[in-house]
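To keep things clear, I will list the structure first and then write my remarks on it.
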């Protein structure tokens, strides 16, 4: 998904997020169990101001913290049903206003990266690359090390380079990949969607000795749902990565958009891979043909307030008209997200317009 074409925010931002998932089945489902990651993460960079979720038909549910620290809920349905609707709404405040602050360290980390034994033990789930043929992993390792070498082993510059290279040189192509697509496939074909770019970045980082984890969440695009929650006007979930950098901690990178997540990205869950973080996942104990629709809306609450204030001012400024008679400004043209919050040296670099998810 493509991020909204705006300049980096220097202020805290608040968003209202609605997420709707609907299932329909050709025959009644006798029993099912669903696991949800729909309550956003709450920490020092992201605060959840309110949250509510509805699950229809009614099911026995419990909420808990999973092994990765994510808010998780489990719902078991034991009565037959042919339709299921899961709807959530949250208000989130984002506080990461300076995504490049970590890059100004007095000591620049370099490759190779080394870890103390206890650090390695704690981080080991994020250091093990996906299981692939050895020859394919070797190719991905060589590809990753080429970035290290051309950046003189500087860890920060290497990561910035990989992040921007994916945005510039890889084609965003919905439908070109599936859940069985491997990081090697993505590297060879240089096309995919946000999940694929995240998986390749994670595999490269782990082979370089840098812990990496998968992030599932939302990114602000400015799209809105209509009253019927129409899918063709809605957003979708987004995927990016977090890397554990020495003396910094977990830091996000969004290779789909070539940026560092700041106040446009809302985190739902983190884990080793997408299976640990899926917003909605379930098991059906009845064989039945399934159809699913999903829709997401992410509204900038501060912008919404400002627009209402401007509308009220315009109404007062044009005597003899009603709000319905006010002229409507034409829509703005789309803008490439290259350089939204990229390092200063990279903002003037050429970039392709192919990015999204």
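The values are calculated or read from the model by the stated rules, or taken from the named source; none is laboratory data. Here the structure is a predicted model, which is why all the values come from computation and not from measurement. Here the Cβ is made from the backbone with ideal geometry for all residues, glycine too, and neighbour counts use every protein chain on show.
Is there a residue being assigned to a loop (DSSP other than H, G, I, E, B) and at pLDDT 95 or above anywhere in the stretch 17-33?
yes
In the set 287, 301, which member is over 24 Å from residue 173 (Cα atoms), under 23 Å from the mean Cα position of the chain (by Cα), surrounded by fewer than 19 Cβ atoms within 10 Å (Cβ to Cβ) and at pLDDT 50 or above?
Working: 287 fails: under 23 Å from the mean Cα position of the chain (by Cα).
It is 301.
Does residue 95 qualify as being surrounded by 13 or more Cβ atoms within 10 Å (Cβ to Cβ), farther than 30 Å from residue 287 by Cα and modelled with pLDDT under 95? Full working, then the answer.
Working: surrounded by 13 or more Cβ atoms within 10 Å (Cβ to Cβ): yes; farther than 30 Å from residue 287 by Cα: yes; modelled with pLDDT under 95: yes.
In short, yes.
Can you confirm whether the stretch 41-52 contains a residue that is in the same structural domain as residue 152 (by TED's automatic domain parsing), farther than 18 Å from residue 250 by Cβ and assigned to a strand (DSSP E or B)?
There is no residue in the stretch 41-52 that is in the same structural domain as residue 152 (by TED's automatic domain parsing), farther than 18 Å from residue 250 by Cβ and assigned to a strand (DSSP E or B).
Give just the number: which of (1) in a strand (DSSP E or B); (2) surrounded by 15 or more Cβ atoms within 10 Å (Cβ to Cβ) does residue 113 not satisfy?
Of the numbered conditions (1) in a strand (DSSP E or B); (2) surrounded by 15 or more Cβ atoms within 10 Å (Cβ to Cβ), the odd one out for residue 113 is (1).
Quick check: anything in the stretch 177-190 within 19 Å of residue 277 (Cβ to Cβ), at pLDDT 95 or above, in a helix (DSSP H, G or I) and touching a strand residue (DSSP E or B) at 6+ places or on another chain (Cβ under 7 Å)?
Yes; the residues of the stretch 177-190 include at least one that is within 19 Å of residue 277 (Cβ to Cβ), at pLDDT 95 or above, in a helix (DSSP H, G or I) and touching a strand residue (DSSP E or B) at 6+ places or on another chain (Cβ under 7 Å).
Can you spot a residue in the stretch 117-129 that is without any contact (Cβ under 8 Å) to a residue 60 or more places away in the chain, closer than 18 Å to residue 243 by Cα and either buried (at least 17 other Cβ atoms within 10 Å of the Cβ) or in contact with a strand residue (DSSP E or B) (Cβ under 8 Å, 6 or more places away or on another chain) (or both)?
Among the residues of the stretch 117-129, not one is without any contact (Cβ under 8 Å) to a residue 60 or more places away in the chain, closer than 18 Å to residue 243 by Cα and either buried (at least 17 other Cβ atoms within 10 Å of the Cβ) or in contact with a strand residue (DSSP E or B) (Cβ under 8 Å, 6 or more places away or on another chain) (or both), which makes the answer no.
Within the stretch 203-223, can you find the residues that are farther than 16 Å from residue 256 by Cα, in contact with a strand residue (DSSP E or B) (Cβ under 6 Å, 6 or more places away or on another chain) and at pLDDT below 95?
If the condition is that a residue be farther than 16 Å from residue 256 by Cα, in contact with a strand residue (DSSP E or B) (Cβ under 6 Å, 6 or more places away or on another chain) and at pLDDT below 95, then 223 is the only one that fits.
What residue, among those in the stretch 272-304 that are assigned to a strand (DSSP E or B) and in contact with a helix residue (DSSP H, G or I) (Cβ under 6 Å, 6 or more places away or on another chain), is nearest to residue 78 (Cα to Cα)?
Only one residue fits best here, namely 293.
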